[in-house]
């Protein structure tokens with residue numbers, strides 16, 4: 001997904017962590033790494049990068065040199 005900000009084009013990245021659960025909306029289901037959770041839903045939304053939960057090295061590689069907005073939702 002590309003956006004313009006202050007006249008500059010940048011590429012937006014949506015990153016989700018495998019092993020997390022945040023509901024049953026199509027957007028959230030599209031971020032799932034669990035094939036059982038996505039079965040029967042679709043078409044899933046494209047453009048998600050998936051990493052293992054807690055893999056800080058993978059996140060650093062993805063976001064190196066990029067702006068980042070991160071939302072963390074604690075499990076209940």
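Of the candidates 16, 32, the single residue that is within 23 Å of residue 63 (Cβ to Cβ), touching a strand residue (DSSP E or B) at 6+ places or on another chain (Cβ under 8 Å) and not in a strand (DSSP E or B) is 32. Restricting attention to the stretch 24-43, which residues are in contact with a helix residue (DSSP H, G or I) (Cβ under 8 Å, 6 or more places away or on another chain) and either under 26 Å from residue 66 (Cα atoms) or modelled with pLDDT under 85 (or both)? Of everything in the stretch 24-43, those that are in contact with a helix residue (DSSP H, G or I) (Cβ under 8 Å, 6 or more places away or on another chain) and either under 26 Å from residue 66 (Cα atoms) or modelled with pLDDT under 85 (or both) turn out to be 29, 30, 32, 37.
The values are calculated or read from the model by the stated rules, or taken from the named source; none is laboratory data. All values reported here derive from a predicted model rather than from experimental measurement. All Cβ positions, glycine included, derive from the backbone under ideal geometry; neighbour counts span all protein chains shown.
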